[in-house]
1. Could you tally up the Lys pairs in the chain with alpha carbons closer than 27 Å? Skip any pair fewer than 8 positions apart unless they're on separate chains.
2. What list of ³J(HN,Hα) couplings, whole Hz, do you get for segment 40-55 from phi and the Karplus terms 6.51, -1.76, 1.60, once you set θ to phi - 60° and write x for glycine and proline?
3. State, to one decimal in nm, how far the label point of Asp64 lies from the label point of Lys50, with both points 7 Å from Cα in the Cβ direction.
4. Per residue of the chain, what 222 nm ellipticity follows from adding -39500 (n - 2.57) for every DSSP H run with n ≥ 4, rounded to the nearest 500?
5. Which of these values of P(r) over Cα pairs in 5 Å bins from 0, in percent was calculated from the structure shown: (1) 3, 16, 28, 29, 15, 7, 2, 0; (2) 3, 15, 25, 22, 14, 8, 5, 4, 2, 1, 0; (3) 3, 16, 28, 26, 13, 6, 4, 3, 2, 0?
6. Ranked from highest to lowest mean number of other Cβ atoms within 10 Å per residue, what is the order of the peptides 65-71, 48-54, 23-29?
7. Taking the Cβ of Leu42 as the centre, find all other residues whose Cβ is under 15 Å away and add up their charges (Lys, Arg: +1; Asp, Glu: -1).
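Values quoted throughout were computed directly from the atomic coordinates according to the rules given, and no laboratory measurement underlies them. Bear in mind the structure is a predicted one, so any value in this text is a computation, not a measurement. Positions of Cβ are backbone-derived with ideal geometry, glycine not excepted, and every protein chain shown enters the neighbour counts.
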Amino acid sequence: MQTRLKELREDHDLTQEFCARIAYISKNSYIRYEKDERMIPLDTIKLFAKYYNTSIDYIANLTDKKEPYPNKKDDKN
């Protein structure tokens, strides 16, 4: 799964080390995610999606829309 982590990191002028700290992982693990050498766990992708205010689908290259999906409201009817 080719991700957009590097693109998002560079767009926000962040270092790989800083991004690793966001996800509570080692810098080496982050680098392997960015190079697509290791599968990113869903909980880690969720952290990055929240941090970058985008969708998991955008990070996973499933859509080209950067905007996050709207929050789903509970319908109590």
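1. 25
2. So the Karplus estimates, Gly and Pro as x, are 8, x, 4, 5, 6, 4, 4, 4, 5, 4, 5, 4, 8, 6, 9, 9 Hz.
3. It works out to 3.0 nm between the two label points.
4. Details: 5 runs with 37 residues, N = 77.
-12500 deg cm²/dmol, from helical runs alone.
5. Of the labelled values, this structure produces (3).
6. Output ranking for 65-71, 48-54, 23-29: 48-54, 23-29, 65-71.
7. Details: positive: Arg38, Lys46, Lys50; negative: Asp43, Asp57.
So the surrounding residues net to +1.
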